[in-house]
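Engineer: Just passing along the structure, written as structure tokens.
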Amino acid sequence: MGYVGEDEDGKSIIEELSKYLNIDCLLVKQKGRTTFTDVMTVSETGERTFFTYQGADSELGFDDFNFDTISVDLMHIGYIMLLNGIDAKDAEYGCNGKNTTCSPTKRYQDIS
């Protein structure tokens, strides 16, 4: 589940994911532009700086998770702090990320 943009990058991602039988692209929503990160590296030191465009991924939120249908051993949520809908404030847990990962109905063992 997730979001990609309504652009060529988003179409390319869905096309690539569709090649794998164990990936259901019906759970991928399209909106806006596809999120991307550019990495700049200082060749002398190897130091890296990341520049991220928060595109479609920023739409992903707690309401996108249907915990009644998620049955996996490992759930991976890509860099939560760049997912505005997940990192948003939550009265009970502090942020929606914790709300998502601490859901009483969760059916997975580990989160990465």
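Engineer: Identify all residues within region 29-68 that are assigned to a strand (DSSP E or B) and surrounded by 11 or more Cβ atoms within 10 Å (Cβ to Cβ); write none if there are none.
Structural biologist: Lys29, Gln30, Phe36, Thr37, Thr52, Tyr53
Engineer: Does at least one position in region 14-28 carry a residue that is of a type in the set (Val, Ile, Thr), over 18 Å from the mean Cα position of the chain (by Cα) and in a strand (DSSP E or B)?
Structural biologist: Taking every residue of region 14-28 in turn, none turns out to be of a type in the set (Val, Ile, Thr), over 18 Å from the mean Cα position of the chain (by Cα) and in a strand (DSSP E or B).
Engineer: Could you grab me the full set of residues in region 1-13 that are among the acidic types (Asp, Glu) and in a loop (DSSP other than H, G, I, E, B)?
Structural biologist: Correct list: Glu6, Asp7.
The rows are residues; the columns are (1) touching a strand residue (DSSP E or B) at 6+ places or on another chain (Cβ under 6 Å); (2) at pLDDT 85 or above.
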position: Glu6; (1), (2): yes, yes
position: Gly10; (1), (2): yes, yes
position: Glu15; (1), (2): no, yes
position: Lys19; (1), (2): no, yes
position: Thr37; (1), (2): yes, yes
position: Thr45; (1), (2): no, yes
position: Thr49; (1), (2): yes, yes
position: Gly55; (1), (2): no, yes
position: Phe67; (1), (2): no, no
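Engineer: Consider only pairs whose beta carbons are under 6 Å apart and that are at least six residues apart or on different chains; among these, list those whose first residue lies in region 66-80 and is among the aromatic types (Phe, Trp, Tyr) and whose second residue is surrounded by 10 or more Cβ atoms within 10 Å (Cβ to Cβ).
Structural biologist: Phe67/Ser103; Phe67/Lys106
Engineer: Just give me the residues in region 9-61 being farther than 22 Å from Met81 by Cα and among the small types (Gly, Ala, Ser), in sequence order.
Structural biologist: Those that are farther than 22 Å from Met81 by Cα and among the small types (Gly, Ala, Ser): Ser12, Ser18, Ser43, Gly46.
The values are calculated or read from the model by the stated rules, or taken from the named source; none is laboratory data. None of these values were measured; they are calculated from a predicted model. Glycine also receives a Cβ, built like all others from the backbone with ideal geometry; neighbour counts cover every protein chain displayed.
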